Amino acid sequence: MRIKFQHRFVNTKPAMKMSAMLDTLDLNHGGPDGRFIALYSEAGRGKSESVLHWHGIHGGVYLYIHTAWRNDTGAFYSALLGELGVQDPPKRHADRYGLIIETLRREPRILFLDEVDKLTLRFLDIFKDIADVTQSPIVLTGEENLPAFLRQNRRIWTRTLSRMEMDPVERADIMLFAQTTTGLTLSPDVAGLLLQAADGDSTPGSLRVVKQAVLNLVDICNAKSTTDVSEEMARIAVSRTFARKNRRTAHAAR
């Protein structure tokens with residue numbers, strides 16, 4: 001039988017730790033002076049997937065931040081209003097902001113703002129005002145520089161009562177990931193070899209890199225018509241993962 005990779009959320013140990021922290025969230029989180037949570041890590045560890053999974057179960061408002069909004073408060077307001085269910089936002093930026101405040105005061109919700117470190121610092125005061133006026137907790141996610149970014153605004157940093165870095169994946173996480181997405185049962189030694197692909201990347205412990213290694217392993221298993229994964233097959237999968245990454249890096253450098 002041909003092995004297929006199925007895109008599924010995998011509740012790895014880092015994901016469970018982040019979920020447990022988010023489980024402490026409610027609309028009264030931190031009271032009036034502590035409405036923020038900061039979640040951060042190096043790229044590829046699964047922050048966004050974990051936040052989206054929790055949001056899908058518990059609700060709230062999720063907004064992915066686009067680089068194009070870096071200095072564009074109007075685009076940010078329009079996108080947030082769309083996630084709040086407002087399909088025809090006002091033209092004036094001040095009116096868009098006012099409508100956000102009105103909507104959230106009427107129905108406070110937890111806001112998830114993903115990759116906020118793409119934005120300029122002036123957005124932090126906007127987030128603070130939204131949280132203060134509407135009493136809506138805000139979860140801010142970003143890469144490993146997020147704490148340094150937030151520290152530049154003392155009023156935000158002192159209101160950030162919960163801060164957590166998402167941990168890198170471990171062998172047990174890789175075994176669970178492979179079993180959940182492909183049905184393959186990996187030995188600890190094979191998982192350890194795949195972990196080398198993640199730890200040898202520029203972002204150690206990356207679930208994204210592990211996924212690529214598992215996809216390569218699926219191709220190898222299908223070519224050999226087997227579900228028994230050997231250490232040699234794992235080494236080939238890791239080698240292909242690094243080769244593909246090096247090709248992408250070389251192409252980007254042109």
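Which members of segment 177-206 meet the condition of being under 18 Å from Ser50 (Cα atoms), at pLDDT 90 or above and not aromatic (Phe, Trp, Tyr)? Ala178, Thr180, Thr181, listed by residue number.
So which residues in segment 161-175 are within 19 Å of the chain's Cα centre (by Cα) and either buried (at least 19 other Cβ atoms within 10 Å of the Cβ) or small (Gly, Ala, Ser) (or both), if there are any at all? If the condition is that a residue be within 19 Å of the chain's Cα centre (by Cα) and either buried (at least 19 other Cβ atoms within 10 Å of the Cβ) or small (Gly, Ala, Ser) (or both), then Ser162, Met166, Pro168, Val169, Asp173, Ile174 are the ones that fit.
Criterion first (in a loop (DSSP other than H, G, I, E, B), surrounded by fewer than 18 Cβ atoms within 10 Å (Cβ to Cβ) and among the basic types (Lys, Arg)) does Arg45 satisfy it? It is false that Arg45 is in a loop (DSSP other than H, G, I, E, B), surrounded by fewer than 18 Cβ atoms within 10 Å (Cβ to Cβ) and among the basic types (Lys, Arg).
For every residue, the table says whether it meets (1) more than 19 Å from His55 (Cβ to Cβ); (2) crowded, with 21+ Cβ neighbours inside 10 Å; (3) of a type in the set (D, E, K, R); (4) more than 22 Å from the chain's Cα centre (by Cα).
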{"residue": "Thr103", "(1), (2), (3), (4)": "no, no, no, yes"}
{"residue": "Pro108", "(1), (2), (3), (4)": "no, no, no, yes"}
{"residue": "Leu111", "(1), (2), (3), (4)": "no, yes, no, no"}
{"residue": "Asp114", "(1), (2), (3), (4)": "no, no, yes, no"}
{"residue": "Thr120", "(1), (2), (3), (4)": "yes, no, no, no"}
{"residue": "Thr134", "(1), (2), (3), (4)": "no, yes, no, yes"}
{"residue": "Glu144", "(1), (2), (3), (4)": "yes, no, yes, no"}
{"residue": "Gln152", "(1), (2), (3), (4)": "yes, no, no, yes"}
{"residue": "Thr158", "(1), (2), (3), (4)": "yes, no, no, yes"}
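Would it be correct to say that Ile130 is within 25 Å of the chain's Cα centre (by Cα) and not in a loop (DSSP other than H, G, I, E, B)? Yes: the conditions hold for Ile130.
When restricted to residues that are part of a loop (DSSP other than H, G, I, E, B) and not charged (D, E, K, R), segment 48-91 contains 11.
Restricting the search to segment 170-185, which residues are part of a loop (DSSP other than H, G, I, E, B) and of a type in the set (Ser, Thr, Tyr)? Talk me through it step by step, then tell me what you get.
Taking segment 170-185 and keeping what is part of a loop (DSSP other than H, G, I, E, B), we get 170, 183-185.
Listed by number, the list holds a single entry, Thr185.
Selection of segment 101-121 for residues being out of contact with any helix residue (DSSP H, G or I) (no Cβ under 6 Å at 6 or more places or on another chain), in contact (Cβ under 8 Å) with a residue 24 or more places away in the chain and not in a loop (DSSP other than H, G, I, E, B) yields Leu111, Leu113, Val116. When Arg70, Arg96 are checked against the criterion of being out of contact with any Phe, Trp or Tyr (no Cβ under 8 Å at 6 or more places or on another chain) and assigned by TED's automatic domain parsing to the domain that holds Asp26, Arg70 stands alone in meeting it.
The values are calculated or read from the model by the stated rules, or taken from the named source; none is laboratory data. This one's a predicted model, so the numbers in the text were calculated from it and none came from an experiment. Cβ atoms come from the backbone with ideal geometry, glycine included; neighbour counts cover every protein chain shown.
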